[in-house]
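Shown next, in structure tokens, is the structure this report addresses.
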Amino acid sequence: MTVTAEMATTGVAAYGVSTLAAQIQGHAMVRPDHVVMREKDFGVWREFTAAEIWDTVLDAAHGLFALGLEVGDRVSIQSENRPEWMILDFATIAVRGITVGFYPTNPTAEVEYLLSDCGSVVHLAEDQEQVDRVLEIDRQKIPNVRKILYCEQRGVRRYDDDRLLDWDDFLSLGREHRMAHRGAVERSMSEARWDDGMTLVYTSGTTGPPKGAMLTHRNVAYSMSLFRDSSIRNGYLIGPDDEILCYLPLCHVAERIFSTFHVAELGITVNFAESIDTVQANLREVQPTLFFAVPRIWEKIHAGVMIRANDATPFKRLWWRFGMRLAAVIGREKVANGGLPTFKSRLLDAIGRPLVFRPLLERIGMRRCVWAGTGAAPIAPEILEFFTGIGVPVYELYGMTENSAIATTNVPGRMKLGTVGEPFGGIELPDSQFRIEEETGEIQVKHPGVFAGYWNKPEQTAETFTDDGWLKTGDVGEWVDGTHVRIVDRIKHIIITSGGKNISPSEIENSLKTSPYVKEAMVIGDR
């Protein structure tokens, strides 16, 4: 029999939609001087208050109106993470458009496909490199693109293309429209509906080109309600005093949730990393209270700590080994207690914290971290045990773009290493469900966060659902103790031996990657 679990739901009405744009407006009204974003410019962190961001969002929204944007039109963005990314995102939402994020590294051929597939009307290209990719495309292949906005002027000012528009000039255009059409954006926001498309998130196709997964305001509201309620149940209310480092691509659903959605919903402060290469340095500067990272980042931090320890003086190595023995015992104690401290772990932590853990946490940027998470790929239990031992329990969670990243999560007191946790909200709450299909072992979900479908791909959308309306994740899972879920692998990745045994390559790969000297590993079936 297929076992199901029920997850929490939110009662969302048909009207009265509080979109992310409306929430940013609310922060500007209630806490106008609260810093919601920081960006490092020439070595100095620049701060942006809620009032400043909302004022710029209004200018950008009016700018979109001035460019003729209509309800449901797509606005695409290809840029590294920066305030303009979020501002244009909020502005697009405010005028009931649909934001489409591209990876900054997407080459010209992929940019052409994405612009054509989504029918983007306005495109933001960060700098000359991104602008060149669009200009290399035959205009007839992307006829919908009316304007190409750009943030960095260097090398672009001399270009002669009537579609090009500097970001500052775009905002000036918006201010003129704002003066002539007061209240237009606010009226548009009041007309928003829960089932309006909010964003297209392109997911990599394993057997074809990327597909645009449509997320609605209802999907996002449901997702954020569960993240908020989960933090309350875990004894920590996320709010304006919290900070996060924004470094994963904003076109990815995970970064959108932890940065864009959290700053709008909960008023946290988003600090933009200078680049993916400076994440660890920026972590030390910011010392965020919340930090989400894919396993590779946690592995790099762990490997860096180990290599640095091996390069230390003999006395420091001896001191370090003592601290790591303490951390190993603390980690095992906490893990055995669901992630919560025991009397023994508290005693050992009191010894290790002032001597080893506190300076180590300062160095890796985790001194103030109260919640850390990981997902998007498997992670070795040894890595999680290490961070738990030094005072940063990392909670593994599981989700995907198509379900607004809502499926399972580990929580304090119920953490189980080697699992991705239990269905959001526990297994006792009504309405929404999670199940593991008995015959194939596939994880399937059904809740208000499940996406509206793939953009202009009805057949592939239909293939993603079962006959009774469950979303097929494509992941194989199994129940642990009847409450938690362990991801075995992708259905397509399972290797079946000649003896009929199923082998999960990810388990072997993750074991290999625990070594600080192994960056990547791949297990291949030779037949």
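From the list Ala328, Ala376, which one is touching a helix residue (DSSP H, G or I) at 6+ places or on another chain (Cβ under 7 Å) and surrounded by fewer than 19 Cβ atoms within 10 Å (Cβ to Cβ)?
On inspection, the qualifying residue turns out to be Ala328.
Is there a residue in region 385-392 that is touching a residue at least 60 places away in the same chain (Cβ under 8 Å), among the aliphatic types (A, V, I, L, M) and not in a loop (DSSP other than H, G, I, E, B)?
Yes, because at least one residue in region 385-392 is touching a residue at least 60 places away in the same chain (Cβ under 8 Å), among the aliphatic types (A, V, I, L, M) and not in a loop (DSSP other than H, G, I, E, B).
At least 2 residues that are in contact with a strand residue (DSSP E or B) (Cβ under 9 Å, 6 or more places away or on another chain) and of a type in the set (Val, Ile, Thr) in each: list the helices (runs of 4 or more DSSP H) lying fully within region 284-360 that qualify.
Per the criteria, 295-310.
If a residue has to be assigned to a helix (DSSP H, G or I), more than 20 Å from Asn81 (Cβ to Cβ) and β-branched (Val, Ile, Thr) to count, how many in region 91-120 make the cut?
So the answer is 1.
Can you name the condition, by its number, that Ala328 falls short on among (1) within 29 Å of the chain's Cα centre (by Cα); (2) closer than 24 Å to Lys300 by Cβ?
Answer for Ala328: the failing condition is (1).
In this structure, does Glu129 turn out to be among the acidic types (Asp, Glu), part of a loop (DSSP other than H, G, I, E, B) and either closer than 24 Å to Ile276 by Cβ or at pLDDT below 95 (or both)?
In short, no.
Across region 237-276, which residue is farthest from the chain's Cα centre (by Cα) among those that are hydroxyl-bearing (Ser, Thr, Tyr) and under 15 Å from Pro288 (Cα atoms)? Walk me through it before giving the result.
Going through region 237-276, the residues hydroxyl-bearing (Ser, Thr, Tyr) turn out to be 247, 259-260, 269, 275.
Subset that is under 15 Å from Pro288 (Cα atoms): 247, 259, 269.
On the way: Tyr247: 10, Ser259: 7, Thr269: 15 Å.
In this case the residue turns out to be Thr269.
Here's the yes/no breakdown for (1) under 27 Å from Met29 (Cβ atoms); (2) surrounded by fewer than 18 Cβ atoms within 10 Å (Cβ to Cβ); (3) at pLDDT 80 or above; (4) aliphatic (A, V, I, L, M):
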position: Glu186; (1), (2), (3), (4): yes, yes, yes, no
position: Met189; (1), (2), (3), (4): yes, no, yes, yes
position: Leu200; (1), (2), (3), (4): no, no, yes, yes
position: Thr206; (1), (2), (3), (4): no, yes, no, no
position: Gly212; (1), (2), (3), (4): no, no, yes, no
position: Met224; (1), (2), (3), (4): yes, no, yes, yes
position: Gly235; (1), (2), (3), (4): no, yes, no, no
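With the requirement that a residue be out of contact with any strand residue (DSSP E or B) (no Cβ under 8 Å at 6 or more places or on another chain) and assigned to a loop (DSSP other than H, G, I, E, B), what does region 79-90 give you?
Correct list: Glu80 only.
Please state which one of Val445, Val420 is surrounded by 22 or more Cβ atoms within 10 Å (Cβ to Cβ) and not in a strand (DSSP E or B). Break it down stepwise before answering.
Numbers: Val445 fails: not in a strand (DSSP E or B).
After applying the criteria, what remains is Val420.
Going by the structure shown, is Thr401 surrounded by fewer than 23 Cβ atoms within 10 Å (Cβ to Cβ), of a type in the set (Ser, Thr, Tyr), in contact with a Ser or Thr (Cβ under 8 Å, 6 or more places away or on another chain) and touching a residue at least 60 places away in the same chain (Cβ under 8 Å)?
Judged against the criteria, Thr401 is a match.
Which pairs do you get when a residue that is in contact (Cβ under 8 Å) with a residue 24 or more places away in the chain, found in region 153-174, comes within reach of a residue that is of a type in the set (Phe, Trp, Tyr) and part of a helix (DSSP H, G or I), reach meaning Cβ atoms under 9 angstrom, with the pair 6+ apart or on two chains?
Going by the 9 Å Cβ cut-off, the qualifying pairs are Gly174/Phe65.
Of everything in region 53-105 that's at pLDDT 95 or above, more than 25 Å from Ala452 (Cα to Cα) and among the β-branched types (Val, Ile, Thr), which residue is surrounded by the most Cβ atoms within 10 Å (Cβ to Cβ)?
This residue is Val57.
The values are calculated or read from the model by the stated rules, or taken from the named source; none is laboratory data. Just so it is clear, the model here is predicted, and its values are computed rather than measured. All Cβ positions, even for glycine, are placed from backbone atoms using ideal geometry, and neighbour counts span all protein chains on display.
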